[in-house]
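Visitor: Take this structure first; my questions come after.
Every read-out reported here was derived from the displayed coordinates using simple, explicitly stated rules and does not represent laboratory data. Keep in mind that this is a model prediction, so the values were computed, not measured. Methodologically, a virtual Cβ is constructed for each residue, glycine included, from the backbone with ideal geometry; neighbour enumeration extends over all protein chains shown.
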Amino acid sequence: MKKILFWVFLGTLFIQSCDKGLTPPENQIRISAGISGTVFFQNWPSPDSLLDLRLVAFKNFPPQDIFVELLSRQAFAYPAIDDTLSLPLNVDQLDFQFELPAGDYGYLAVAQQFGPNVLADWRAVGQFDLSPDSLPTPLMIPEGQVVKNIFIAVDFDHLPIQPF
């Protein structure tokens, strides 16, 4: 009887330890479509004005309302808006991998929540732009591909145009 209990116990441990199957470790999961790159930061403001920081990809430019577009899947946030995490603060640069549905995106921006009203207190602090001091550069993500080398400069002393 003890041998049977031993084998049942051992089998239970084995089955519980195999819950992820052959998926790669979380830090090595590849995204099927999206973008990857680096955000470069300078001139960080005081910590009391940094309530949240997200990378947001909008299908349309200019976006009308950040939350309406997120809810209607016309925009996507990284980290996701329902995630309690924010982009890291007070760093010189941040490498990212942002999974997105394939398609055209008119505006890729870093958005900062600067006040307590989560529905209204947002501003763009950086944008994907291939030519300085111009409108943002649109981006096309092909099906099943990751567009690499997306670079965004965030200078808190020189903000881009404010579409929302």
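Visitor: Net charge within 10 Å of Ile81 by Cβ-Cβ distance, Lys/Arg positive one each and Asp/Glu negative one each, not counting Ile81 itself?
Guide: Numbers: positive: Arg54; negative: Asp52, Asp82, Asp83.
My count for the surroundings of Ile81 gives -2.
Visitor: So, counting K/R as plus one and D/E as minus one, what does the shell of residues with Cβ under 10 Å around Phe114 add up to?
Guide: Charge balance near Phe114 sits at -2.
Visitor: What order do you get for Arg123, Arg54, Arg73 when you list them from fewest to most C-beta neighbours inside 10 Å?
Guide: Final ranking by Cβ density, sparse to dense: Arg73, Arg123, Arg54.
Visitor: Provide the three semi-axes, in whole Å and in decreasing order, of the ellipsoid equivalent to the stretch 24-155 as defined by the square roots of 5 times the Cα gyration tensor eigenvalues. Provide the component values of the computation, followed by the final result.
Guide: Details: eigenvalues 92, 59, 52 Å².
In descending order, the three semi-axes are 21, 17, 16 Å.
Visitor: Next up: Report the net charge of residues surrounding Phe61, where surrounding means a beta-carbon distance below 14 angstrom and charges are Lys +1, Arg +1, Asp -1, Glu -1.
Guide: -3
Visitor: What would the Debye formula give as log10 I(q)/I(0) at q = 0.16, 0.27 Å⁻¹ for the alpha-carbon point model of the stretch 34-103, no solvent?
Guide: Taking Cα atoms of the stretch 34-103 as identical point scatterers yields -0.63, -1.30.
Visitor: While we're looking at this one, here's another question. Going 7 Å from the Cα of Ser46 toward and past its Cβ, which residues in the stretch 109-126 have a backbone nitrogen under 12 Å from where you end up?
Guide: Counting backbone N atoms under 12 Å from the label point, the list is empty.
Visitor: Another question, if that's okay. Between Leu71 and Ser36, how many nm apart are label points set 7 Å from Cα along the C-beta direction?
Guide: Label-label distance for Leu71 and Ser36, simple model: 3.5 nm.
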